[in-house]
């Protein structure tokens, strides 16, 4: 795979690579179901952290694009149409392909498909309730897709009102409104639901669209600050990095060191933990968004993992690990054998993700930049 490093930001690639590796490593626990203790708790939190990094990073990237679109001199709401089409060329083909593969695997294994299968095709499987145990890693995709729609819709409506003469101010107000609204939904969950187990929290709160879009818009807020206040973004990047690292470590200490339970500390888990985690990640953006390395094996490795990360996320669990456990059960394997099993799982994930990217994902994404596609949308913008 030939990679052009000149137009890539190493720090953001590093975030994406760490995010997917955290998620993949966390799911190694499925190979070691008997494992227990502090290390296991930290590995589970790594999986949560990985997805949160994806959310904040995604928000930062789309936020910069949306703000640039909104503040162009000849802005029209149709401009957001091309933005959405570009995002959908990036996310939908892989998603629907892997969804169909998951359906085929379930039928092959002899399990029943969920009654809510239709909702997976519309990204409604976890809109305001916990989803079925089917294609479980897909829970984050509806959150991303609805975030792509909510922001441009709100900005387009706001741009029609004479109240917002400054589009930068409109962008900030809309972003803060979205964050506050989805923080409020977590408060609503807290006062209406009793959380008494990590499984309930994981399914009914962490993985539900209604409670999670603020995580992405923390990154969007970072995008606004990076463009609106570039000098401060540059000058205080190290201080923000230290603050983000300290906040992240504090959260992990509270969870793993003090063992804050879901039953005894529901407000912390329902309302504070996820937003504070998003803030800690967002605070690293000033440093990482300006971190540039161009050469060396580490750069190549990080960039490679970053590029194939979406395929890794979709393939690693429901497809690769599920099929491995179906054809080669782990029962009866010793520790050394399980370590070998985990190695095969990781290598298969990288290899199949690379093939998915080169043979399917990239060719489809390249359509976005075809001359006829650009001409189609340039006509609709005029």
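What follows is calculated from the coordinates using simple rules that are stated; it is not laboratory data. Here the structure is a predicted model, which is why all the values come from computation and not from measurement. Every residue, glycine among them, receives a Cβ derived from its backbone with ideal geometry; neighbour counts consider all protein chains shown.
For this structure, a couple of remarks:
- Whole-Å semi-axes of the ellipsoid equivalent to region 290-371 (Cα gyration tensor, √5λ, descending): 31, 19, 8
- Alpha-carbon centroids, region 216-259 and region 119-183: separation in whole Å: 22
- Relative contact order of the chain: 29 percent, from C-alpha pairs under 8 Å at least 6 residues apart in sequence.
- Per residue, the Cα convex hull of region 51-208 amounts to 131 Å³.
- Ordering 185-192, 253-260, 347-354 by mean Cβ neighbour count within 10 Å, with the highest value first, yields 347-354, 185-192, 253-260.
- Each label point was placed 7 Å from the Cα along the Cα-to-Cβ direction; for residue 335 and residue 263 their separation is 3.2 nm.
- Axis angle, to the nearest 10 degrees, between helix 167-192 and the longest C-alpha principal axis of the chain: 30 degrees.
- Quotient of C-alpha Rg and 2.2 N^0.38 Å, computed over the chain: 1.00
- Peptides 362-369, 233-240, ordered by how many other C-beta atoms sit within 10 Å of their residues on average, highest first, read 233-240, 362-369.
- Cα centroids of region 79-108 and region 23-67: 21 Å apart.
- Estimated FRET transfer efficiency (residue 372, residue 173; beta-carbon r; R0 41 Å; 0.05): 0.65
- Footprinting exposure proxy for 168, 370 (fewest neighbouring C-beta atoms within 10 Å first): 370, 168
- Pair residue 65, residue 35: separation of 7 Å Cα→Cβ label points (nm): 3.5
- Between helix 371-381 and the chain: long-axis angle, C-alpha atoms, 0 to 90°, nearest 10: 50
- Taking the C-alpha atoms only, the angle from helix 140-159 to the longest principal axis of the chain is near 10 degrees.
- The order of 30, 269, going from fewest to most other C-beta atoms within 10 Å of their C-beta, is 30, 269.
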